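Shown next, in structure tokens, is the structure this report addresses.
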Amino acid sequence: MAFVATPGGVAIPRPHAVWREVSHCARTQTGRKVGKVVLAAAILGVGLKLYKKYKAHQRRQRWSQAGKDVVVLHQFERGTNMPNLSPFALKLETYLRMAGIKYIVDTEEPQGARGKCPWITINGEELSDSELIIDYLAKHFNKPIKEELSPSQHAIGRAVQVMLDEHTIVAVAYKRYVLDRMSYILKCFPKQYQLMMRIFYPAFSKQLKKYFFTNGMGRFSEEEVLFFLRRELRALEDVIGDKQFVVAKTPSTYDAAVFAELTQVIIGCAPEVERYVRDNHAVLVQYFERMKDKYWPDWDQCLSQ
């Protein structure tokens, strides 16, 4: 085979020489077999891609028939002990119930174009991120939750929600998936996924540890993680006090987020964490039960069987 020297002094094959070798290989019996395999793989890949597009188109046609102003809520499947293991999906579904917005649940495509769960389809539009969705729906339905909050109450509600969404839930997730190695939360997954999660956990456990280490939570011991969690539960209880809801006597959007995060702490973290909350935070337990009874009367029917 003929070579040509590059300016850096590296010898590479001449283009026509490469093509001649490829052509020769393609004419051999082995080359023809390889060519057939490559061609079949390419056809299969294109076919699968077209099939996925077809199925996605079919799903969107079906969702578009849900009706005007009906929300199609795309989320993960139900858990065995709570309606959703994702606090953000549970937050959004709780908000829909609080606001009296008609919705249907879809679990065929739980993650949208941005790879986020939950997301929604409404009147042909697709929206993702629970906070952006709630903001859109509040405007679209003209503030369906009639809040009468002062600026300071809004500020407190926002601060509490950010604390829970950005820090508390990270401690809960680290406890669930790394410290406890899914020993408890695995039973909360839909039964059809439990074996698969058990098999594949070793494969993605390193990625989980790396994620939490980068986040910062993974640099702490279990005792330190529980210190953070307990401190934030005390702060939440102090904010609620003797009120029926988080920042007022009447429910607000912030209650959807607080209830969803508190659900993960009480019944979706670990038995010892639940015991701690029930033994030390009667206000939080009563709040959880009050929200559950008011907005989730069908709680048991919404669990994975």
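The values are calculated or read from the model by the stated rules, or taken from the named source; none is laboratory data. Remember, predicted model here, so these are calculated numbers, not experimental data. Cβ placement follows ideal geometry from the backbone for every residue including glycine, while neighbour counts extend to all protein chains displayed.
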For this session: Look at LEU137 and say whether it is of a type outside the set (Gly, Ala, Ser), closer than 27 Å to HIS74 by Cβ and in contact with a strand residue (DSSP E or B) (Cβ under 9 Å, 6 or more places away or on another chain).
Result: yes
For this session: Could you grab me the full set of residues in the range 204-217 that are part of a helix (DSSP H, G or I) and more than 22 Å from GLY79 (Cβ to Cβ)?
Result: LYS206, GLN207, LYS209, LYS210, PHE213, THR214, ASN215, MET217
For this session: State all residues of the range 246-269 that are at pLDDT 95 or above and touching a Lys or Arg at 6+ places or on another chain (Cβ under 7 Å); if no residue qualifies, say none.
Result: ALA256, ALA257, ALA260, CYS269
Exercise. Residues in the range 38-61: is at least one under 26 Å from the mean Cα position of the chain (by Cα), within 20 Å of ASP129 (Cα to Cα) and at pLDDT 90 or above?
Worked result: no
For this session: With the condition kept exactly as written, say whether any residue in the range 277-292 is touching a Cys at 6+ places or on another chain (Cβ under 7 Å) and either over 30 Å from PRO151 (Cβ atoms) or assigned to a loop (DSSP other than H, G, I, E, B) (or both).
Result: no
Problem set entry | Matching residues in the range 87-115 - criterion: being closer than 21 Å to ALA138 by Cβ, assigned to a loop (DSSP other than H, G, I, E, B) and without any contact (Cβ under 8 Å) to a residue 40 or more places away in the chain | LYS102, GLY112, ARG114
Problem set entry | Candidates ALA248, ALA256 - the one that is in contact (Cβ under 8 Å) with a residue 12 or more places away in the chain, surrounded by fewer than 20 Cβ atoms within 10 Å (Cβ to Cβ), assigned by TED's automatic domain parsing to the domain that holds LYS175 and within 24 Å of ARG158 (Cβ to Cβ) | ALA248
Problem set entry | Yes/no for GLU108 being at pLDDT below 95 and either farther than 17 Å from ALA260 by Cβ or touching a Pro at 6+ places or on another chain (Cβ under 7 Å) (or both) | yes
For this session: May I ask you to say which residue of VAL160, VAL105 is touching a helix residue (DSSP H, G or I) at 6+ places or on another chain (Cβ under 9 Å) and closer than 18 Å to VAL246 by Cα?
Result: VAL160
For this session: Considering only residues that are polar (S, T, N, Q) and in a loop (DSSP other than H, G, I, E, B), look in the range 116-156 and name the one that is farthest from the chain's Cα centre (by Cα).
Result: SER150
Exercise. If we keep just the residues of the range 63-73 that are closer than 16 Å to GLY112 by Cα and of a type outside the set (Ser, Thr, Tyr), which is modelled with the lowest pLDDT?
Worked result: TRP63
Exercise. (1) exposed (fewer than 15 other Cβ atoms within 10 Å of the Cβ); (2) of a type in the set (S, T, N, Q); (3) under 25 Å from ALA89 (Cβ atoms): which one isn't true of ASN280, the others all being true?
Worked result: (3)
Exercise. When you go through (1) within 21 Å of ARG78 (Cα to Cα); (2) over 20 Å from the mean Cα position of the chain (by Cα); (3) in a helix (DSSP H, G or I) one by one for VAL273, which number turns out not to apply?
Worked result: (1)
